[in-house]
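The values are calculated or read from the model by the stated rules, or taken from the named source; none is laboratory data. Because the structure is predicted, anything quoted here is derived from the model rather than measured. Heads up, the Cβs are rebuilt from the backbone with ideal geometry, glycines too, and the neighbour counts pull from every protein chain shown. SASA here: full protein model, heavy atoms, side chains in, ligands and nucleic acids out. Shrake-Rupley method; radii C 1.70, N 1.55, O 1.52, S 1.80 Å.
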Amino acid sequence: MTQTPIPPASSDDARYSLDLAFVRAQFPAFAEKSLQGQAFFENAGGSYTAAPVLDRLERFYRANKVQPYAPYPASQTAGDMMDEARQRLAQVMGVDTDEVSFGPSTTQNTYVLAQAFRQWMQPGDAIVVTNQDHEANTGPWRRLADTGIEVREWRVDPATGHLDLNDLTKLLDDRVRLVCFPHCSNVVAEVNPVADIAAMAHAAGAFVCVDGVSYAPHGIPNVDALGADIYLFSAYKTYGPHQGIMVIRRPLGETLPNQGHEFNGDVLYKRFTPAGPDHAQVAACAGMVDYIEAVADHHGMVGSLTERAGAVHDLMRAHEVQLLQPLLEYLGNRNDLRLLGPKTAVDRAPTLALDLGRAAHPVAAQLSEHGIMAGGGSFYAGRALSGMGVNADQGVLRLSFVHYTSPEEVSQLIRALDQVL
């Protein structure tokens, strides 16, 4: 695709337009022979991996697969590579380096956090969860009810899947210690106003835990600007390896009891990692930042890494919105399905859950015959589907893309939907 050259400009310049050819060249999957002719629309389950991530992973296993932080060169380099990932991801998110932790998955990270809150909270204290969430950010918190903690549910509008801030107001009082909610749901996909929700919770004396798994692939956010006390997302859905990335801001991280080894209790980024991390995958996460910087450099973006990452975030979202709106209009003209969540592209992530009134998995299988990679099921979001009157056993057809998706692939999807539906 031919793009208009972009002159160097400030990070908020509206003239930026994504060079899709450059972007796709950074992902080896697009050159993979076995994937030719297929359009990937299951990115919400895991994205393609950026070349710098693969390069760093291979380099670590080849030259530095030793215990890190020992006094010999290979070990020192291994530790430096791991530290670099934490340092640069922290800059992207606008937080301190030691406020970033790694774990085997977001589900595991959330479970560990829930155990820390279980020890810290008292019977009669309360938490707020939503039924818009993926099970990973609601199941562990709901289990706290077994220890006498009150669990209050912030429920979606059954018709739209929307979380109304007025409903949250009714749930907040001086007993609430934590509010858990998604940046966007993996089936509703509405982008929730994180900063507004965080301000409301903080005013009531509560912390906030934000599940960013379904949002971060569309641009890793500035966590400091959002005001989240905890922000969680999955590297493997954000062009990286299979790691969970967890931001815990210092005031909360130093308040909760240590969940790591006793000798790591004074190190913030180790306090919520009970086992040793996957060294190679942690080091490879620096490749996620390599990719962000490559996009920023190619488009002439200037400023600090935090500022340039913010500009890349906006660039990704603008491209996604441009591709998403025609697809939303196509789906809106059909009377044989129900699209969950907002009907306008600017209000949602490009993750589309379609209630077909029948089992969705066989439809996804039919789409694969037309070169469309998609999925059907409940996607660990059974509570959200049930809350909107969807038969969770039948599930939904989920079509999800990110900024490396092309207009031609969206057209291919629409043609396939015409054939299958």
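Computed quantities for the displayed model
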{"read-out": "Nearest-20 debye value, the chain charge dipole, Cβ charges on Lys, Arg, Asp, Glu", "value": "620"}
{"read-out": "Net charge dipole size for region 131-209 [Lys, Arg +1 and Asp, Glu -1 on Cβ; Debye, nearest 20]", "value": "200"}
{"read-out": "Percent of beta bridges antiparallel (DSSP, the chain, rounded to nearest 5)", "value": "50"}
{"read-out": "Two-decimal log10 I(q)/I(0) for region 57-289, as the Debye equation yields it once each C-alpha is a single scatterer, q = 0.10 Å⁻¹", "value": "-0.45"}
{"read-out": "Theoretical FRET efficiency, 1/(1+(r/R0)^6), r = Cβ-Cβ of Ala145 and Glu369, R0 45 Å, to 0.05", "value": "0.50"}
{"read-out": "Fluctuation leader among Gly377, Gly161, Gly124 - the chain, Gaussian network, Cα springs under 10 angstrom", "value": "Gly124"}
{"read-out": "Estimated D of the chain in µm² per second, where Rh is the Kirkwood radius over Cα pairs and Stokes-Einstein applies at 25 °C, 0.890 mPa s", "value": "111"}
{"read-out": "Candidate lysines - alpha carbon under 27 Å from Lys343, same-chain residues fewer than 8 apart omitted", "value": "Lys237"}
{"read-out": "Extended-chain gain in nm, criterion 0.36 nm per residue less alpha-carbon gap, Asp336 and Gln76", "value": "87.7 nm"}
{"read-out": "The chain, accessible surface, carbon-and-sulfur percent (1.4 angstrom probe)", "value": "50"}
{"read-out": "Estimated inter-spin distance, Ala275 and His202, nm [label 7 Å along Cα→Cβ]", "value": "3.5"}
{"read-out": "Cut-off 11 Å between beta-carbons: net charge of the residues surrounding Leu331, Lys and Arg +1, Asp and Glu -1", "value": "+1"}
{"read-out": "Rough spin-label spacing in nm, given labels placed 7 Å along Cα→Cβ, for Ser34 and Asp347", "value": "4.1"}
{"read-out": "Placed amide H near Val176: partners under 5 Å, 5+ positions off or other chain", "value": "Ala126"}
{"read-out": "FRET efficiency, 1/(1 + (r/R0)^6) with R0 22 Å, evaluated for Ala195 and Phe22 via beta carbons", "value": "0.10"}
{"read-out": "Extension gain (nm, one decimal) between Asp393 and Ile414, 0.36 nm per residue minus Cα-Cα", "value": "5.0 nm"}
